[in-house]
Amino acid sequence: MNVIIETERLLIRPVNVNDAEAIYKWASDPDVTKYMIYSTHPNVEHTRQWLESLDINDEDSYDLGFVDKQTGELVGMGGIVYRKEDDNWVIGYNLRKDHWGRGLVPEALNAIIDHVRNQREIKAIV
């Protein structure tokens, strides 16, 4: 899925294996991963393998990277995933700790939800 969304401060795009080092910066931080469904990444190779396992063509997953337009850095990722069994969408996100408190996650998720709403029916988000 080749989705590109632009907001005031972010370029929201698919992630790929070349993003492993940037993603490892937050995926290896226990404060960031504390409440995540995955464990803290032990090394960048683990992050690379995880990225290789992603199905970027999954029509039910809008899990995208957040690029800070000011610096060009990938600083987080997240989005919504459709769960057929429950007929709802689930939100998830990660953000590098040095970008917490700036309102980037609501900015990104609102833009992603708006994009998906234009493509698909959304009955419920959990």
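Since every read-out is calculated from the coordinates, none of them should be taken as a lab result. Because the structure is a prediction, the values reported are computed rather than measured. Please note: Cβ atoms are built from the backbone with ideal geometry, for glycine as well, and neighbour counts cover all protein chains shown.
What to note about this one:
- Subset of the stretch 26-41 (residues that are within 14 Å of the chain's Cα centre (by Cα) and either in contact (Cβ under 8 Å) with a residue 60 or more places away in the chain or crowded, with 17+ Cβ neighbours inside 10 Å (or both)): Trp26, Ala27, Val32, Thr33
- Every condition in (1) over 15 Å from Thr7 (Cβ atoms); (2) in contact with a strand residue (DSSP E or B) (Cβ under 6 Å, 6 or more places away or on another chain) is met by Ile112 except one, and the failing one is (1).
- Residue match in the stretch 71-82 (condition: under 14 Å from the mean Cα position of the chain (by Cα), without any contact (Cβ under 8 Å) to a residue 12 or more places away in the chain and under 19 Å from Ile12 (Cα atoms)): no
- Candidates are the residues of the stretch 42-65 that are within 15 Å of the chain's Cα centre (by Cα) and of a type in the set (Val, Ile, Thr); the one that is surrounded by the most Cβ atoms within 10 Å (Cβ to Cβ) is Thr47.
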